[in-house]
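Here the structure comes first, spelled out in C-alpha cells, and everything after it is commentary.
What follows draws every value from the coordinates through simple rules; no lab data is involved. Remember, predicted model here, so these are calculated numbers, not experimental data. Reconstructed Cβ throughout: ideal geometry from the backbone, glycine too, with neighbour counts over all protein chains shown.
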Amino acid sequence: MGNLNNALQQLRAERKQAQAHVEKLDQAISAIESLNGLGTFGKANHPTRMISAASRRKMAQAQRARWARARKESQPVVAAAKPTASAPTRRTMSASARRKIAAAQRARWAKVKQQKKAA
C-alpha cells in the first residue's frame, strides 16, 4: 500500500511539472504571436458561445425586421432619385444614317483595295 501511495504522489508531482511546462510554452507562444501581429487565440480560455435554437430564431426575426425597415425607409429616396438621375439614354440610329455610314465605310475599303492593286 505504501508503494502505491508513493507512486501516486510521484505521478501527481510529474503532472504538476508538466502543467507548469505547458503554461510556460503557452506564454512563449502568445509572446511570439503578439510580436508577429497575429494576436493570441484564446480558444482554450474562451469556448464558443452556445445559442439556443429559439434565441437564433429571435435574432433572425429581429434582423429581418431591421432589413425590412431599412428597405421601407430607402424606397422613397430611390423613387425620388429615378427622375432626377441623369442616366444616359440609349440613342438609336436611323436607318438612313446607318446606310450613309455603311456607304462611307465601303468607299474607304474600296480606296484601300485600289491602292493595293496599284502597288
Which FRET efficiency value, to the nearest 0.05, is calculated for A20 and I51 with the Förster distance at 41 angstrom and r the Cβ-Cβ distance? 0.70
Please give the length that would be gained between K117 and A102 if that part of the chain were fully extended, namely 0.36 nm times their separation in residues minus their C-alpha to C-alpha distance (nm, one decimal). 3.1 nm
